[in-house]
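The structure appears below as structure tokens.
The values are calculated or read from the model by the stated rules, or taken from the named source; none is laboratory data. Computed from a predicted structure; not experimentally measured. Here Cβ is always computed from backbone atoms with ideal geometry, including for glycine, and neighbour counts include all displayed protein chains. Only protein heavy atoms, including side chains, enter the accessible area calculation; ligands, DNA and RNA are left aside. Shrake-Rupley method; radii C 1.70, N 1.55, O 1.52, S 1.80 Å.
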Amino acid sequence: MWNTNKIPREEGIDHSLSLIREGYRYILNRRQSFNSDIFETRLLGKKAICMGGKEAAEVFYDTEKFQRKDAAPNRVVQTLFGKNGVQALDGEAHKHRKEMFMSIMSPDGIKSLIDITKKQWEIGVDKWIQMDEVILYEEAQEIMCRTACEWAGVPVQEEKVRELTKDLGEMFESPAAIGPNHWVGRNARNRVEKWMGKLIDEVRSENMNVSPNTILYRFAQYRDLEGNLLDTNTAAVEVINILRPIVAISIFINFITLSLHHFPEEKGKIKSRDKEYAHIFIQEVRRFYPFFPFVTALVKKDFTWNNYKFEKGTLTLLDLYGTNHDPKIWDNPDVFNPDRFTGWEGSPFSFIPQGGGDYFMGHRCAGEWVTLEVMKVSLDYLVHRIEYEIPDQDLSFSMVDMPSIPHSKIMIKSIKKTL
């Protein structure tokens, strides 16, 4: 039950540094200490509301109560999202732009993605066999980059693949970074947007031979509600919003490998049980390990909910990690247990590693289906198609670094094909 007394407030002038120091657990720690799923604090010099849990997610994704426009900090826009992307839209404009993304998630589109992912894993493994050791995080990023570009119809010269992979990785590794590491991400986005903008212009001027069925072509020719083409940079941002998230799946691939190492009995279950077990295993990886800490929005209009008055314009953070570890939703949330998803028919607001709510009407990540299918292919290779050794190394991961990945980035060696 929600606390119907006065909403707790975190005392102090500003708690931005506390958020940085505590990372994924910042909101959850205070929800637990306040014994409340909602509290007030101050971030970036302004009042902010933090909340988590199923009921909080249901309210947060109510488009009548919250808006995304101008909600993300500029450092996130300049690295992770890009300016004027779908994440910052509301209302009919958001719905229309979201349909562009959802249109590529057709059964044929997903099948094509699966086939490309398998091909790129095969190419990657053939290369790994010849290597003394493989840094999985880096190599998985390259596999994901090649997969994303081929699926989107984005032409990349072979000698540019490594550079593009690194730049796309910097975009999601730098939003929470401080100082030079943050500017690395900004510069990476600027380079990729400039390059992608040139491709968009070449498609529109018909100077590049590209199939009308490709994502690149369809996004380049997309028209908004007024019938106008997107400006070149915004179109470039949206194509990058296909490439970047697929490369970010490398984080989950690392955590798949880590979970197979830490819970070796799971590999036997995946091999002996039906395909459904692979699916629930992946869902537990997405729930258990840190990926995205929270999402932000602004209060759209004054309203009262559970005896708390939300004032228009107030920054609000929804706790993704904490909701996925909420003991009111999950039994023993800090235990890795894929079977918790057997026959699971939970709410789209209780399991939210990539946001909550409806794909088509709301702000739930359009690429979640992509994530699931790519993770399934990756798991199949790591369990059924290759053998490898994991030598001694620092496999710990930080709950402060955002995003979090094992410190060694998981080094594997002695790689052999099994099929």
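Basic side chains Lys and Arg get +1 at the Cβ, acidic Asp and Glu get -1 at the Cβ, and with that the dipole of the chain about its Cα centre reaches some 620 debye. Distance from the Cα centroid of the stretch 316-331 to that of the stretch 247-265 is 21 Å (rounded to whole angstrom).
Taking a ≥ b ≥ c as the square roots of the Cα gyration tensor eigenvalues, with a/c under 1.5 meaning rounded and otherwise prolate when a/b beats b/c, else oblate, which class fits the stretch 1-136? Prolate. Run a plain Debye calculation on the chain (Cα atoms as equal point scatterers, no solvent) and give log10 I(q)/I(0) at q = 0.08, 0.09, 0.10, 0.11 Å⁻¹, rounded to two decimals, same order as the q list. Per q value, in the given order, log10 I(q)/I(0) is -0.44, -0.56, -0.70, -0.86.
Please pull out the direction-averaged projected area of the stretch 113-211, using the convex hull of its alpha-carbon atoms, in nm² to one decimal place. Write out the running numbers ahead of the final one.
Values: hull surface 31.1 nm².
Value for the stretch 113-211: 7.8 nm².
Once the Cα-Cα distance is subtracted from the 0.36 nm per residue extended length, the Trp183 to Lys301 segment shows a gain of 39.0 nm.
With both bridge residues required to lie in the chain, what share of the DSSP beta bridges run antiparallel, to the nearest 5%? Looking only at bridges with both residues in the chain, the antiparallel portion is about 80 percent. Which pairs break 25 Å Cα to Cα here: Lys160/Lys267; Lys119/Lys413; Lys111/Lys160; Lys127/Lys409; Lys118/Lys160; Lys119/Lys275? Violating the 25 Å limit, Cα to Cα: Lys160/Lys267; Lys111/Lys160.
So how far apart, in nm, are the two label points at Asp201 and Asp70 if each is 7 Å from Cα heading toward Cβ? The modelled label-to-label distance comes out at 3.1 nm. Taking one quarter of the surface of the C-alpha convex hull of the stretch 253-320 gives a mean projected area of 6.9 nm².
Rounded to a whole number, what is D in µm²/s for the stretch 32-84 from Stokes-Einstein with the Kirkwood radius over alpha-carbon pairs (4 °C, 1.567 mPa s)? Present the calculation step by step, with values, prior to reporting the outcome.
Working: Rh = 13.1 Å.
Using the Kirkwood radius from Cα pairs, D works out to 99 µm²/s.
Modelled spin labels at Glu311 and Arg223, positioned 7 Å past Cα toward Cβ, are 4.5 nm from each other.
R0 = 22 Å: FRET efficiency of Lys328 with Lys6, Cβ-based, nearest 0.05? Calculated transfer efficiency: 0.55.
Computed about the Cα centre, the dipole magnitude for the stretch 247-323 is approximately 160 debye when only Lys and Arg (+1) and Asp and Glu (-1) carry charge, each at its Cβ. Among Ser16, Ser398, Ser174, the largest mean-square fluctuation in a Gaussian network model of the chain (Cα springs under 10 Å) belongs to Ser16. The alpha-carbon of Lys83 sits under 22 angstrom from the alpha-carbons of these lysines, leaving out residues fewer than 8 places away in its chain: Lys69, Lys95, Lys98, Lys166, Lys194, Lys198, Lys300. Under the combined filter of DSSP loop state and at most 15 neighbouring Cβ atoms within 10 Å, the stretch 207-313 retains these trypsin sites (Lys or Arg not before Pro): Arg273, Lys301, Lys312. Take the Cα radius of gyration of the stretch 206-286 and divide it by 2.2 N^0.38 Å, N being the number of residues; the result is 1.70. Label-to-label distance for Arg162 and Asp401 is 2.2 nm, based on points extended 7 Å past Cα in the beta-carbon direction.
Pull out a ≥ b ≥ c, the square roots of the eigenvalues of the alpha-carbon gyration tensor of the stretch 97-145, then state rounded if a/c is under 1.5, prolate if not and a/b is larger than b/c, and oblate in the remaining case.
On the way: a/c = 6.22, a/b = 2.38, b/c = 2.62.
Taking the square roots of the gyration eigenvalues as a ≥ b ≥ c, the stretch 97-145 is oblate.
Which one of Thr234, Ile251, Gly268 has its Cα pushed farthest toward the positive end of the charge dipole of the stretch 199-277, where Lys and Arg give +1 and Asp and Glu give -1 at the Cβ? Of the listed residues, the answer is Gly268.
Taking a Cβ cut-off of under 11 Å around Asn29, the surrounding Lys, Arg, Asp and Glu residues balance to a net charge of +1, with basic ones at +1 and acidic ones at -1.
Mean 1/r over all different Cα pairs, inverted: what Kirkwood radius does the stretch 263-419 give, in Å?
For the stretch 263-419, inverting the mean 1/r across all distinct Cα pairs yields 18.1 Å.
Restricting the GluC sites (Glu not before Pro) of the stretch 247-352 to loop positions (DSSP other than H, G, I, E, B) with no more than 14 neighbouring Cβ atoms within 10 Å leaves Glu311, Glu345.
Taking the alpha-carbon centroid of each part, what is the distance from the stretch 1-75 to the stretch 151-216 in angstrom? The stretch 1-75 and the stretch 151-216 have Cα centres separated by 33 Å. Note on the chain: dipole from Cβ charges, positive end direction compared against Pro175, Thr323, Thr63; the farthest Cα belongs to Thr63.
Take Phe303: with every protein chain present and a 1.4 Å probe, its accessible area is about 20 Å². Membrane-span-like helices in the chain, defined purely by DSSP H runs whose alpha carbon atoms cover 27 Å or more axially and whose average Kyte-Doolittle hydropathy reaches 0.5, are 232-262.
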